[in-house]
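Data first, discussion second: the structure below is written as structure tokens.
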Amino acid sequence: MAGVVEELVKKAGGCAVIDGGFATQLEALGADINDPLWSAACLITKPHLIKEVHMQYLEAGADVIISSSYQATIPGFLARGLLLEEAEGLLRTSVQLAREARDEFWKSTLRSSKPVYNRALVAASIGSYGAYLADGSEYSGSYGDDVTAEKLKDFHRRRLQVLASAGPDLIAFEAIPNKMEAQALVELLEEEDIQVPSWICFSSVDGKHLCSGESFGDCLQILNASEKVAIVGVNCTPPQFVEGIIRDFKKQTKKAIAVYPNSGEVWDGRAKRWLPVECFGRKSFDVMARRWQEAGASLVGGCCRTTPSTIRAVSNALKSRNGQ
Ligand SMILES: C[S+](C)CC[C@H](N)C(=O)O
Ligand SMILES: N[C@@H](CCS)C(=O)O
Ligand SMILES: [Zn+2]
């Protein structure tokens, strides 16, 4: 694990808390994210709400906040009519907003001597190629025959360079749905010699494989071979699968494990809405979070459809047990 993460996990008592659904909370504050850029549209229209969401997750107890760049891509911004410099500027802004929120919140906790907070880390989000396509393929992993690892590297290259140079503590590759993209990202981190430690998290719809149906084990082998990857895990995956996934990962990697599942609702990529959960017995997230820590996760949080109240409950559950 990279030093900075190791230190945070230790300070948090063995399991650090990641924030919750970012786009979900932006919507709750009134943002319209029904847009090809999804939550990244707010970088153009409502940057103040982005900072507000970060503040709410910090207040809830997040030790790591993830920037608003999940679906912020250079081709996406160009298609919106922005210039290249403007697109790159917005990527930097996403990290800047998170850093400002972290720094302001930290200053205020020092002043008020509120207990139990750690100085949070800022992770720069990088969503998959499928997220940019906005066609549901981030949950199928099917990019079509014309998409190669080289094409994926070219898609990710400039965004990665710009975000890494904007001063995040971590890079968070989120909801990676297939092995080719995992391989492309690892190669890109080496080719660009990125010095910011990364996490690579997969998405899964069945709890046994990546969304593409490929094996976690094959992908972990690729990630294990890279020193640039500090943390591996899953996000935006139904919570009922997470404990089994951690136990499976534990057998196949020595890297730290991060898990931040969604609420269990299912994204309908065509209708662009969340479908309610039908058959999942709703054990509360904080109860599950304790089990995830016991199973071996070092970082725990939430993804889509989880909120600051989810993260507050997770933080209270983990930190009270860890003596914080
Ligand atoms: C994590 S999904 C809900 C993100 C949204 C999707 N990429 C879209 O733009 O439709
Ligand atoms: N960090 C993103 C992930 C979407 S899957 C968000 O929480 O909106
Ligand atoms: Zn999600």
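The values are calculated or read from the model by the stated rules, or taken from the named source; none is laboratory data. Not measured: the values here are computed from a predicted model. Every residue, glycine among them, receives a Cβ derived from its backbone with ideal geometry; neighbour counts consider all protein chains shown.
Tabulated data
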quantity	calculated
All positions within segment 34-52 that are part of a helix (DSSP H, G or I), under 17 Å from the mean Cα position of the chain (by Cα) and within 13 Å of Phe77 (Cβ to Cβ)	Trp38, Ala40
Yes/no for Ile66 being in contact (Cβ under 8 Å) with a residue 40 or more places away in the chain, surrounded by 24 or more Cβ atoms within 10 Å (Cβ to Cβ) and β-branched (Val, Ile, Thr)	yes
Residue check, Asp145 away from ligand 3 (no atom under 16 Å from the Cβ), at pLDDT below 95 and closer than 30 Å to Asp206 by Cα	yes
Given (1) under 21 Å from Arg157 (Cβ atoms); (2) in a helix (DSSP H, G or I), index of the condition Ala98 fails	(1)
Yes/no for Leu220 being hydrophobic (A, V, I, L, M, F, W, C), without any contact (Cβ under 8 Å) to a residue 40 or more places away in the chain and more than 16 Å from ligand 1 (Cβ to nearest atom)	yes
Given (1) of a type outside the set (Lys, Arg); (2) more than 25 Å from Ser203 (Cβ to Cβ); (3) touching a strand residue (DSSP E or B) at 6+ places or on another chain (Cβ under 9 Å), number of the condition Leu91 does not satisfy	(2)
Candidate set from segment 61-87 (those that are of a type in the set (A, V, I, L, M, F, W, C) and over 17 Å from the mean Cα position of the chain (by Cα)); member that is farthest from Glu104 (Cα to Cα)	Ala79
Residues located in segment 187-244, provided they are within 16 Å of ligand 2 (Cβ to nearest atom) and among the aromatic types (Phe, Trp, Tyr)	Trp199, Phe202, Phe241
Filter pass, Ala72 being within 16 Å of ligand 3 (Cβ to nearest atom), part of a loop (DSSP other than H, G, I, E, B) and either under 26 Å from Lys179 (Cβ atoms) or in contact with a helix residue (DSSP H, G or I) (Cβ under 7 Å, 6 or more places away or on another chain) (or both)	yes
